[in-house]
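Following: one structure in structure tokens, then a few remarks.
The values are calculated or read from the model by the stated rules, or taken from the named source; none is laboratory data. Quick caveat: nothing in here was measured; it's all calculated off a predicted structure. Quick reminder, even Gly has a Cβ in these numbers, built from the backbone with ideal geometry, and neighbours come from all protein chains shown. Side chains included, ligands, DNA and RNA excluded: accessible areas come from the protein's heavy atoms. Shrake-Rupley method; radii C 1.70, N 1.55, O 1.52, S 1.80 Å.
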Amino acid sequence: MNPRSGRTIPMYFKVSPEEKEIIDKKMELLGTHNQRAYLRKMAVDGYVVRVDMTDVKELAALLRTCSNNLNQIARRVNSTGNLYEEDIADLKTRYGELWGAFSSLLSKFEDL
């Protein structure tokens with residue numbers, strides 16, 4: 001044990017082959033190979049979370065697009081007084097996509 005690390009108390013425990021397999025699978029999912037660091041993190045914090053933010057970034061981009069479209073339509077309506085059915089249909093479609101993406105993301109969070 002490296003006394004410079006501040007970790008001077010060794011802790012040992014035994015697991016069954018099935019438990020070892022579960023630990024290995026969870027480490028693989030997390031993308032870590034350092035078993036000691038993984039087990040220490042689990043013991044100290046109780047959990048390790050790795051979040052893929054791809055869906056959140058896509059949702060933010062879709063929200064930005066919807067907001068930009070709405071702003072453009074509002075400017076035109078304010079300056080010309082014209083609101084077209086195509087504008088309303090486009091907004092409904094985009095906001096439907098937005099809510100669909102949001103619902104999908106919430107489902108993924110529920111699975112955590």
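Annotations
- Solvent-accessible area per residue for the chain (1.4 angstrom probe, square angstrom): 86
- For V77, neighbours were defined as the other residues whose beta-carbon sits under 15 Å from its Cβ, and their charges (Lys and Arg +1, Asp and Glu -1) total -2.
- Total formal charge among the other residues, if their Cβ is under 15 angstrom from that of A37, Lys/Arg +1 and Asp/Glu -1: +3
- Restriction of the trypsin sites (Lys or Arg not before Pro) in the stretch 1-109 to DSSP coil positions whose beta-carbon has at most 11 other beta-carbons within 10 angstrom yields K14, R50.
- The stretch 5-83: chymotrypsin sites (Phe, Trp or Tyr not before Pro) in DSSP coil with no more than 15 other Cβ atoms inside 10 Å: Y12, F13, Y47
- Contact order, relative form, for the chain: 17 percent (alpha carbon pairs under 8 Å, 6 or more residues apart, mean separation divided by residue count).
- Among the GluC sites (Glu not before Pro) in the stretch 23-112, none is located in a DSSP loop while being surrounded by at most 10 other Cβ atoms within 10 Å of its own Cβ.
- Evaluating 6.51 cos²θ - 1.76 cosθ + 1.60 at θ = phi - 60° for every residue in the stretch 71-78, the Karplus couplings come out as 4, 5, 5, 4, 4, 5, 5, 5 Hz, glycine and proline recorded as x.
- Charge context of K108, other residues only, Cβ under 11 angstrom, K/R +1, D/E -1: -4
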